[in-house]
Amino acid sequence: MSNPVAAIGARALYFVEETGRLAVFAAHVGGAALRRPLRLQRFLDEVFYLGVLSLIIICVCGVAVGAVLGLQGYNTLERFGATDSLGTVVGLSLIRELGPVLTALLTTGRAGSATTAEIGTMVATEQLDGLRMMSIDPMHYVVMPKALAMIFVMPLLSALFIVCGIAGGYLVGVYWGVDPGSYLTGLESSITFRDDVVGSFIKALCFGVLVGLIATYRGFTSAPTSQGVSAATTTTVVEASVAILVFDYFITALWGV
Amino acid sequence: MKRNQTRDVAVGLFVLAGFAAIAYLSLQLGGLKIPADETISVFADFDEIGGLRPRAPVVISGVQVGQVDRIDLSDDYRARVFLALDAALELPVDTSASIVTSGVLGDRYVSMQLGGDDRYLEDGDEIEFVESAVILERLIGKLIHDANLDSEE
């Protein structure tokens, strides 16, 4: 590391290489998804682990975020005597931004890290090699169902998060004296299907792809040691979180959602 | 291999709840209609629309009967506002449309006053009688101008 310029160059090259490897990995996962058998049971198991077991954290956080939005929004809007707009504030911020992003970050911590650790442990204990010995492609049996399940559950979790958040904002707002009817009317009149709901869905889907691919890729390529597995898990959380926030900006900038 | 029945039920419930949430967001909050409501499209040319935007409500006596579909500039540089109205309504052709504001600084919407003609508006028709939006700043500016003239006399 005597030459800092060389260090920067090496970093940049490493980043490009990793992105390329991730893209090749994604193509392999996509190819595996097209091959028979469908591995439907494996897929459903993963939906259970990634989706159903994330439900509690998603719903609790959704209500909490909606409640704090309701409180902050109420205090700010009250200065202008515009507390009737609380539904608009809570609904739009949840649907367009907070719902998909926070769901993806929570799911990364809750399910993405577990996915990496599980696959990494399988690498370390040579279970994937065992599958290969039985001529079962681990890409097809282990990786593909996990990645697809992540892509599948993300929009569902995001929608549930948003609904819980709207309910949380409703509870706080109505407690502080916002008219329930104007809260709901504010939601209905400001949220449009084509711009807001579809955009939110696209965001959640993109984040599902990112988290699913990064988590499985990091697990699959983790070093076969306990240190390697822990490093891979950390990398998943860091990379997925950064990727979510960076992609969030570009999705918003390019498609205006 | 025996499947874990409880787990499959949990997955099923989760998927149903997720789709119910998406349906609530799309249909109830997003205003998506399946099948789409029968509407007719009429247009009206205004000199000034103020802050009127697409999806603003169209009301008769305060009851919403449609919404602003889109807003273009007509050939003679007036604002052409396309309204999507409930097809079941029978509106006389001399019905008038005005752009009003809810409250002093609230959102703009279109209010319609029924006419007395026995012919009814049909899809693609123009509403001839219009009343443009009142711009508060211009009104105040005019008031101050008049007051200045008075004091000079």
*Measure off 7 Å from each Cα along the Cα-to-Cβ vector at A:Asp195 and B:Glu38, then give the distance between these two points in nanometres to one decimal.*
3.1 nm
*Spatial extent of segment A:4-255: Rg and Dmax, with the Cα atoms as the point set, Å*: 20.9, 70
*B:Lys142: which aspartates and glutamates have alpha carbons under 14 Å from its alpha carbon, excluding same-chain residues fewer than 8 sequence positions away?*
B:Asp150
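On a full-extension model of 0.36 nm per residue, what is the gain between A:Asp129 and A:Tyr14, subtracting their alpha-carbon distance, rounded to one decimal in nm?
On the way: separation 115, 0.36 × 115 = 41.40 nm, distance 2.72 nm.
Value of the extension gain: 38.7 nm.
Please report, to one decimal in angstroms, the Kirkwood hydrodynamic radius of segment B:39-141 built from all distinct Cα-Cα pairs.
Working: mean 1/r = 0.0727 Å⁻¹.
By the Kirkwood definition, the hydrodynamic radius is 13.8 Å.
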*asked:* How tilted is helix B:5-23 with respect to the longest principal axis of chain B? Cα atoms for both, answer in degrees (0 to 90, nearest 10).
replied: 10 degrees
*asked:* Between B:Ser61 and B:Thr101, what's the calculated FRET efficiency when r is the beta-carbon distance and R0 is 22 Å? Round to 0.05.
replied: 0.85
*Going by alpha carbons, how many degrees (0 to 90, nearest 10) lie between the helix axis of A:180-190 and the longest principal axis of chain A?*
60 degrees
_Using a Cα-Cα cut-off of under 20 Å, which aspartates and glutamates could be cross-linked to A:Lys146, ignoring same-chain neighbours fewer than 8 residues away?_
A:Asp45, A:Glu46, A:Glu118, A:Glu126, A:Asp129, A:Asp137, A:Glu239, B:Asp8
*Once Rh for segment A:1-60 is found with the Kirkwood sum over Cα pairs, what is the Stokes-Einstein diffusion coefficient at 20 °C and 1.002 mPa s, in µm²/s?*
140 µm²/s
*³J(HN,Hα) across segment B:37-51 via Karplus (A = 6.51, B = -1.76, C = 1.60, θ = phi - 60°), whole Hz, x for Gly/Pro?*
4, 5, 10, 10, 10, 10, 9, 9, 9, 10, 6, 8, 10, x, x
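What percent does the relative contact order of chain A come to when contacts are Cα pairs within less than 8 Å and at least six residues apart?
Details: 335 pairs, mean separation 82.6, N = 257.
RCO, chain A: 32 percent.
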*Using only Cα atoms, tell me the angle between helix A:113-124 and the longest principal axis of chain A; keep it within 0 to 90° and round to the nearest 10.*
10 degrees
_Net length gained if the chain between A:Ile202 and A:Arg35 were fully extended (0.36 nm per residue, minus Cα distance)_ = 57.5 nm
*Rg and Dmax of segment A:18-111, Cα atoms, in Å?*
19.7, 61
*If you line up the Cα atoms of segment B:4-62 on their principal axes, what length do they span on each, largest first, in Å?*
68, 25, 20
*Over the whole of B:12-19, what's the average partner chain Cβ count within 10 Å per residue? Rounded to a whole number, please.*
6
*Cβ-Cβ FRET estimate between A:Ala82 and A:Thr234, R0 fixed at 45 Å, reported to 0.05*: 0.50
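For chain A, what does -39500 (n - 2.57) per DSSP helix run (n ≥ 4), summed and divided by total residues, give at 222 nm, in deg cm²/dmol to the nearest 500?
When only DSSP H runs of four or more count, the value is -26500 deg cm²/dmol.
Using only alpha carbon pairs under 8 Å that are at least six residues apart, calculate the relative contact order of chain B and give it in whole percent.
On the way: 248 pairs, mean separation 36.0, N = 153.
That works out to 24 percent.
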*Across segment A:21-29, in residue order, what do the Karplus-derived ³J(HN,Hα) couplings come to in whole Hz, using 6.51 cos²θ - 1.76 cosθ + 1.60 with θ = phi - 60° and x for Gly and Pro?*
5, 4, 5, 4, 4, 4, 5, 5, 4
*Check B:Asp94: other-chain or 5+ apart residues with amide H under 5 Å from its amide H, H built from backbone geometry?*
B:Gly115, B:Gly116, B:Asp117
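Values quoted throughout were computed directly from the atomic coordinates according to the rules given, and no laboratory measurement underlies them. None of the values given here were measured: they were computed from a predicted structure. In this analysis, Cβ positions are derived from the backbone assuming ideal geometry, glycine residues included, and neighbour counts consider all displayed protein chains.
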